[in-house]
């Protein structure tokens, strides 16, 4: 999993929201973090985590589609989008056992990707829809610049009810009805993201602009990423 680094460093991260039964009874995949977790203990969250070094070298079977790719580049280091997509797919697999991939063979996968490669799939980034970005406020034990991706469960190459390949990072993995999810103990930012998802559940197109909740040392800003430049 993720390497140990300076705790004060902000790490790029990816989070995946998997939506099921969009047109009938929408549900999302969530799990509970452990009581001893340094970051957000006991909270129900979406699968996700920090970008690892190996994610920068992973061969994507399909790239992130526009306009998602250009919006990922807003206020970000050039060329980071493929690694963010790879991290999203890897974390989804590690924490839930779900495979977002297409059949294919690997040549010397990075260590963190051995288990994914063993499924016989290459990472499939085309379904990833960039829908939200949030920078953890100062003063937290971990700080992440997290990009949230939305996918449909129909894009998974795995059985959405099979969590046997999941690690133990998240417990109580389950599909939660979108209209019942607020009864769970969640981080504030997760509730904000859920509001965005609820407003878009019946619209499969990428959003016209991506909300960016940017907390830095000076102030908190709520911006919109439009794929050209960063605008308030």
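The values are calculated or read from the model by the stated rules, or taken from the named source; none is laboratory data. The structure presented is a predicted model; accordingly, all values stated were derived computationally and were not measured. Neighbour counts are summed over all protein chains in view; Cβ atoms, including those assigned to glycine, are modelled from backbone coordinates with ideal geometry.
Can you name every one of the helices (runs of 4 or more DSSP H) wholly within region 27-120 that holds 2 or more residues which are surrounded by 21 or more Cβ atoms within 10 Å (Cβ to Cβ)?
By residue number, 68-73, 81-96.
Quick check, is residue 210 at pLDDT 85 or above, within 23 Å of residue 47 (Cβ to Cβ) and either surrounded by fewer than 18 Cβ atoms within 10 Å (Cβ to Cβ) or out of contact with any helix residue (DSSP H, G or I) (no Cβ under 7 Å at 6 or more places or on another chain) (or both)?
Here the answer is no, as residue 210 does not meet what is asked.
Looking only at region 198-207, filter to residues that are farther than 16 Å from residue 72 by Cα and touching a strand residue (DSSP E or B) at 6+ places or on another chain (Cβ under 8 Å); which one of those is surrounded by the fewest Cβ atoms within 10 Å (Cβ to Cβ)?
It comes out as 204.
Being within 25 Å of residue 71 (Cα to Cα) and in contact with a strand residue (DSSP E or B) (Cβ under 6 Å, 6 or more places away or on another chain) is the filter here, so list the residues in region 143-189 that pass it.
Selection gives 143, 144, 145, 146, 147, 148, 149, 150, 151, 152, 153, 189.
Here is a check on your reading of the model: is residue 140 free of Cβ contacts under 8 Å to residues at least 40 places away in the same chain, under 20 Å from residue 32 (Cβ atoms) and out of contact with any strand residue (DSSP E or B) (no Cβ under 8 Å at 6 or more places or on another chain)?
no
Anything in region 135-172 that is surrounded by 21 or more Cβ atoms within 10 Å (Cβ to Cβ), closer than 15 Å to residue 88 by Cα and in contact with a helix residue (DSSP H, G or I) (Cβ under 7 Å, 6 or more places away or on another chain)? List them, or say none.
Passing the criteria: 147, 148, 149, 150.
Would you call residue 175 surrounded by fewer than 20 Cβ atoms within 10 Å (Cβ to Cβ) and either at pLDDT below 95 or closer than 23 Å to residue 225 by Cβ (or both)?
Details: surrounded by fewer than 20 Cβ atoms within 10 Å (Cβ to Cβ): yes; either at pLDDT below 95 or closer than 23 Å to residue 225 by Cβ (or both): no.
No, not satisfied.
Hey, among 82, 110, which residue is closer than 25 Å to residue 167 by Cα, modelled with pLDDT of 95 or more and out of contact with any strand residue (DSSP E or B) (no Cβ under 6 Å at 6 or more places or on another chain)?
Sole residue among the options that is closer than 25 Å to residue 167 by Cα, modelled with pLDDT of 95 or more and out of contact with any strand residue (DSSP E or B) (no Cβ under 6 Å at 6 or more places or on another chain): 82.
Determine the pairs where a residue that is farther than 15 Å from residue 54 by Cα, located within region 70-91, has a partner that is in a helix (DSSP H, G or I) with Cβ atoms under 8 Å apart, the partner being 6 or more residues away or on another chain.
Filtered contacts from region 70-91: 72/81; 72/84; 73/81.
Can you tell me which condition residue 188 does not meet? The list is (1) within 23 Å of residue 91 (Cβ to Cβ); (2) surrounded by 13 or more Cβ atoms within 10 Å (Cβ to Cβ); (3) out of contact with any helix residue (DSSP H, G or I) (no Cβ under 8 Å at 6 or more places or on another chain), and all the others hold.
(2)
Which condition from (1) over 29 Å from residue 77 (Cβ atoms); (2) without any contact (Cβ under 8 Å) to a residue 12 or more places away in the chain is the one that residue 221 breaks?
Against the list (1) over 29 Å from residue 77 (Cβ atoms); (2) without any contact (Cβ under 8 Å) to a residue 12 or more places away in the chain, residue 221 comes up short only on (1).
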